[in-house]
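Q: Structure provided below as structure tokens; questions to follow.
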Amino acid sequence: MHGPTSPAWLLVTLCAATGAYCLLRMRSTVEEQRRAAGGEALMGFGMAAMAVPATAFTPPGWAWPLYAAVFGAAALRALWAARSGPHHLHHLVGTAAMIYMSLAMAASPASPHHSHTGAGVPLVTGALLLYFTGYVLVSGARLVPAAAPAGGAVAPRWGDRPELARACRLSMGIGMVAMLLTM
């Protein structure tokens, strides 16, 4: 992505940590948790790879179409999963955003300091920014700690805790907003 180096490394760290936590969530005993965690791990690691500053590493030209193909496959999987419920549509929007950013990076000049024409924010970027900003605000408001188990009941395993999964999704939403702002 084209942006300042320090925030880019913070974004890489956030996305990689989120991807690692999502990989650990794949060990859940709840099947729906495992499915969602796999797609979220892919998003986290993909966002981390995309956010590496161009001053540190500039991917070869073939990398961006490869990213688009990987996230295209993930989008098809999200589309297939969306038939079971609308909660999978967010994954579809996220993978579509990754495809869009991959294609935009493939079309951008090789220089990390390219010039802007002053034409404003592209329509797709603006729409994605609005969606993810709204998502971050709504999911941040919903991020309320779960009630403690009553009467000595066993707390769920840390990988099955819904508030941790929501925090994971919230951090990826924040990361997506940051990445879209640098486009």
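Derivation of every value follows stated rules applied to the coordinates shown; laboratory data play no part. What you see is a predicted model, and the numbers here were worked out from it, not measured in a lab. Counting neighbours? That spans all protein chains shown, and the Cβs are built from the backbone with ideal geometry, glycine included.
Q: Rank the residues 35, 27 as a footprinting-exposure proxy: fewest other Cβ atoms within 10 Å of their Cβ go first.
A: Details: 35 17, 27 12.
Sorted ascending by nearby Cβ count, the order is 27, 35.
Q: Got a sec? How would 9, 62 order by Cβ neighbour count within 10 Å, fewest to most?
A: Fewest-to-most ranking of 9, 62: 62, 9.
Q: Please order 132, 45 by the number of other Cβ within 10 Å, starting at the fewest. Write down the numbers at each step before the final one.
A: Working: 132 23, 45 17.
Final ranking by Cβ density, sparse to dense: 45, 132.
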